[in-house]
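Everything on this sheet refers to the single structure shown next.
Please treat every number below as a calculation from the coordinates, not as lab data. Owing to the predicted nature of the structure, the values given are computational and were not obtained by experimental measurement. Virtual Cβ from ideal backbone geometry, glycine too; neighbours counted across all protein chains shown.
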Amino acid sequence: MRLKTSPLVAVYDRTLSDEPWIPPGISLMAAEKVWPSTRGQGTVVAVLDTGIDYRHPDLAGNVIGGRSFIPGEPDYLDLNGHGTHVAGIIAANGKILGMAPEAKLLAVKVLNQNGFGTIMSINQGLAWVRNWVGENGQRVNVVNMSLGSALPNSAMHQEIIKLVESGITVVCAAGNAGDGNPDTPEIDYPAYYPETIAVGAINLQTGIANFSNSNDRIDVVAPGVNTYSTYPDNRYVELSGTSMACPHIAGAVALIISRYQKRFLNNPTPEYIRKYLHMQAVDLGELGFDTLYGYGLFTFNMDGGKAIKLFIGQTTYQLNDGQGELTMAPFLKNGEPVASIRDICGLLTTGSNYIPPSSDPDAPEGRVDIWC
Ligand SMILES: [Ca+2]
Ligand SMILES: [Ca+2]
């Protein structure tokens, strides 16, 4: 198992002010649109990589634990740099900001200081993640795997299936063996397993990165060319690779899960997350799904942030702060609130929640809340 190549493009000595800086890739994802609702609170992202420099001031507050599965490297401190860069894209919170600055991180060291790992260390790491329980009973919500190999492995596949079945979303780098040609497939595992989210890389002008793998299971793309993030020894550097695109999506998933938790007091399934990413993506390249961009660039720009309240038995509705009238009042059918509305919400991957009678004086028969 070989870590995806992510050549060091530049160490930039830009003097960062104390005012947090939002790198351009994070802006392209429009993470800031979600931050008024959540910055990732309540979520845990496990980074299976070379470890994390938990002493980096931008990461120290968010790394809540970890474990090394590398013989001879008992500490999960990052001796390579790759894992620290990936971690910063997810949840840096200092001079630079990641996608979800208040998500918590687990440093699961499955790659050594040279960026190499074995199937055994990765499978041990995956099993540890599945069984991890935090001090307050938290479980892992998202796994970031910016690593891969051209060879499938059935033991690893089984571990990933178990993770996804336990409700954990697994986000993987698509791979850096691409040639820019949509008709020549390049396959990398675990990204190609159907249970994972496969992320390809684009540049900041939304063009495909020529190294990004193309195949029929690319889910979405995200920025992965000249990406700024944290690096060991208090540094900030630019790296390129689908390794950098992957954590943009893992951080986005942490935001989606955190917001879902606040609205519904439970967790969305990995299938909901996949559908959400696909349906909110901005289509790029050829019309519709294509083998280079998958469903396109996921961003929070498409996320309207509209809150709708429908009152059972009343024609009045509320859209954000405004009021409107429906031609027909929503009703209960067989005790199910407005089945058709729920179906439509499911199709649009918007969340909906039935509030039963008596908890809202304005809705004596109950109401349906919709977010889109
Ligand atoms: Ca190709
Ligand atoms: Ca397309």
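A few notes on this one:
- Note on GLU271, GLU195: ascending count of other Cβ atoms within 10 Å places them as GLU271, GLU195, the fewest first.
- SER37, SER149, SER229 arranged by Cβ crowding within 10 Å, fewest neighbours leading: SER37, SER149, SER229
- On a per residue basis, the convex hull of the C-alpha atoms belonging to the stretch 236-305 measures out at 123 Å³.
- Multiplying the residue separation of ALA150 and THR118 by 0.36 nm and removing their Cα-Cα distance gives an extension gain of 10.2 nm.
- Where both bridge residues fall in the chain, DSSP classifies roughly 55% of the beta bridges as antiparallel.
- With respect to the chain, whose longest principal axis is taken over its alpha-carbon atoms, helix 82-91 is tilted by about 20°.
- Helix 119-131 and the longest principal axis of the Cα set of the chain meet at an angle near 30°.
- Relative to the globular-protein estimate of 2.2 N^0.38 Å, the Cα radius of gyration of the stretch 307-371 stands at 1.02.
- Solution diffusion estimate, µm²/s, Stokes-Einstein, the chain, Kirkwood Rh from C-alpha pairs, 37 °C, viscosity 0.692 mPa s: 156 µm²/s
- Folded to 0 to 90 degrees: helix 339-348 orientation relative to the chain principal axis, Cα: 30 degrees
- Checking the Cα-Cα distances for LYS104/LYS275; LYS275/LYS333; LYS104/LYS262 against a 20 Å cut-off, the pairs over it are LYS104/LYS275; LYS275/LYS333.
- The order of CYS345, CYS172, going from fewest to most other C-beta atoms within 10 Å of their C-beta, is CYS345, CYS172.
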